[in-house]
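Before any comments, here is the structure.
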Amino acid sequence: MASAASTSLERTYRYLRIGLAGTVIAIFVAIAQAATTFGWLTSISDYFYTPARDVFVGALIAVSLALFALSGRGAERALLDAAALFAPLIALVPTTLAPGAVPGIDVPCTGRCFPPAYEADVANGVVVYLVLGMLLLLVALLLGALGQVSLATVWPSLLIAAVVLAVTGLTWAFARDAFLQNAHFIATTAFFALFAAVAVRNAFPRQDPPPTPVFRVLYTTIAVGLVLVLVAYVVLLPQASGSGIPIVLIVEAIALALFFVFWVVQGIEKWSDPDPSLL
């Protein structure tokens, strides 16, 4: 019986990692298809305002659910859970746009700002996000009180969730313009920063056995790459325009490619790991 359970866990984690890598392929294919009509836009996030939107949102929600399911060991659990909280915000709160960045989308500014026509869509998504987030937090606390979950091991994730939900709710309620202007950028930056930290944790884990030198080099390279991409993203996005070489789009594509490579690498390394969680 134990062997069968172990085999089932192995398959589950394999499928989750394969699925996470698959979400990147889905986003790239959707963007490539949209580009045949809209051309190469300033950034990947701009494709939210094209027919690629459904794939973009669906893929990020799938990423969030898969990250929660995978969890991880020790600090990696809190990092993955935090990343899972930010992924839906990337999907549900679209990026700001410069005038003319996406054909047919009007923005009332000369720099980058949020298209007012999409505020109702964001309102719907944010309310759902907050309600589900609070319900999940309450369920986790209830399971802890009943002894079904060890609060001593999950309290960092619960604390992060409470803070993210509180800040999101308060900002949405009392500083909506600032939320619409900045939420996508902050969520995207936080998501990939957390993933850089996850890659570092995989390169230098506290648990035994340590990764082989090859995997340590791969994880370190991914982490360094994500940090460099984040710096480029933060510096370049405010200067992004709808003309010339789409540097921000290229930077974001590299970040997604590194996300893809991480799950391929971890999938290979932990292919036969029966239960990489709950330590």
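Just so you know, all these numbers are worked out from the coordinates, no wet-lab data involved. Worth saying up front: this structure is predicted, and the values here are computed from it rather than measured. A quick note on method: Cβ atoms are made from the backbone with ideal geometry, for glycine too, and the neighbour counts reach across all protein chains shown.
Run the numbers on the chain and let me know its relative contact order in percent, using alpha-carbon pairs under 8 Å that are six or more apart. Could you put the intermediate results ahead of the total?
Numbers: 335 pairs, mean separation 78.8, N = 279.
Relative contact order of the chain: 28 percent.
For region 9-85, with equal point scatterers placed on the C-alpha atoms only and solvent neglected, what are the log10 I(q)/I(0) values from the Debye formula at q = 0.13, 0.19 1/Å, to two decimals?
With one equal scatterer per Cα and no solvent, log10 I(q)/I(0) is -0.47, -0.80.
Compute the distribution of all C-alpha to C-alpha distances in the chain, in bins of 5 Å from 0, and list the percent of pairs in each, rounded to whole numbers.
It works out to 1, 6, 11, 16, 17, 17, 13, 9, 5, 3, 1, 0, 0, in whole percents.
Averaging the inverse of every distinct alpha carbon separation and then flipping it gives the Kirkwood radius. What is it for region 98-246, in angstrom units? Don't jump to the answer; show the numbers that get you there.
Working: mean 1/r = 0.0532 Å⁻¹.
One over the average 1/r among Cα pairs gives 18.8 Å for region 98-246.
Can you pull out the trypsin sites (Lys or Arg not before Pro) in region 159-208 that DSSP calls coil and that have at most 12 other Cβ atoms within 10 Å? Spell out each step's value before the answer.
Details: sites: ARG176, ARG201, ARG206; in loops: ARG206.
The qualifying sites are ARG206.
How large is the translational diffusion coefficient of region 84-179 in µm² per second when you combine the Kirkwood radius over alpha carbon pairs with Stokes-Einstein at 37 °C and 0.692 mPa s? Please list the in-between numbers first.
Numbers: Rh = 15.3 Å.
Diffusion coefficient, whole number: 214 µm²/s.
Which one of ASN202, ASN182, ASN124 has the biggest mean-square fluctuation once the chain is modelled by GNM with Cα springs under 10 Å?
ASN124
Quick one: which of 21-32, 105-116, 39-50 comes out on top by average Cβ neighbours within 10 Å, and what's the full order, highest first? Provide the component values of the computation, followed by the final result.
On the way: 21-32: 18.0, 105-116: 14.9, 39-50: 22.2.
Order by mean packing, descending: 39-50, 21-32, 105-116.
For region 260-267, just list the computed ³J(HN,Hα) in residue order, Karplus coefficients 6.51, -1.76 and 1.60, θ = phi - 60°, integers in Hz, with x standing in for Gly and Pro.
4, 5, 4, 6, 5, 5, 5, x
With angles folded into 0 to 90 degrees, how steeply does helix 53-70 sit against the dominant principal axis of the chain? Use alpha carbons for both and round to 10.
Relative to the chain, helix 53-70 is tipped by roughly 20 degrees.
What is the set of long-range amide H partners of LEU97 at a cut-off below 5 Å, with H atoms built 1.01 Å from backbone N?
Result for LEU97 returns CYS113, PHE114.
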